[in-house]
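Quick notes on the structure that follows.
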Amino acid sequence: MVNNNFKENEINIQKAVNNETLLNKKAVISLVLGCISLILLFISLSGVIIAIIGFIVSYFSLKETYTTRQKGYSFAMTGLVLNTIAIILPLIILILTFLFFTPTQFQLEMN
């Protein structure tokens, strides 16, 4: 009986140690998706789709690393920033394109 409790405590301690020393895989995935989305953004607009997926993954990895105290919070935060840039940058370019490069006709009518 005492031996079982000792083994259970040892397993719980080992899980806690592993939980603090392991790097969160979702955080690494979000960082990689952020980098890929920025690279693909300059090639095609498929980077936006990857950035949206990376944004969702990084949001959940931030919550997970905060609650479980795993390593990888900075990876998740960097992934969130990169994915946010990859989502917002095409929108800014699109707005600037419509503002400055759309043909407009201004005719002054003088009578």
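Yes/no per residue for (1) surrounded by 12 or more Cβ atoms within 10 Å (Cβ to Cβ); (2) under 19 Å from Leu91 (Cβ atoms); (3) at pLDDT below 90:
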site	(1), (2), (3)
Ile11	no, no, yes
Gln14	no, no, yes
Gly34	yes, yes, no
Ile43	no, yes, yes
Tyr66	no, no, yes
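A quick yes/no check of all residues on (1) buried (at least 16 other Cβ atoms within 10 Å of the Cβ); (2) in a helix (DSSP H, G or I); (3) not hydrophobic (A, V, I, L, M, F, W, C):
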| position | (1), (2), (3) |
| --- | --- |
| Leu40 | yes, yes, no |
| Ser58 | yes, yes, yes |
| Met77 | yes, yes, no |
| Asn83 | yes, yes, yes |
| Leu96 | no, yes, no |
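Being touching a Ser or Thr at 6+ places or on another chain (Cβ under 9 Å) and within 14 Å of Ala76 (Cα to Cα) is the filter here; which residues of the range 31-51 pass it? Don't jump to the end; show me each part of the working.
From the range 31-51, those touching a Ser or Thr at 6+ places or on another chain (Cβ under 9 Å) are 31, 33-34, 37, 40, 46-51; that's our starting set.
Within the range 31-51, Leu31, Leu33, Gly34, Ala51 meet the criteria.
The values are calculated or read from the model by the stated rules, or taken from the named source; none is laboratory data. Keep in mind that what you see is a predicted model, and the values were worked out from it rather than measured. Because the Cβ atoms are built from the backbone with ideal geometry, glycine has one as well, and the counts that use them run over all protein chains shown.
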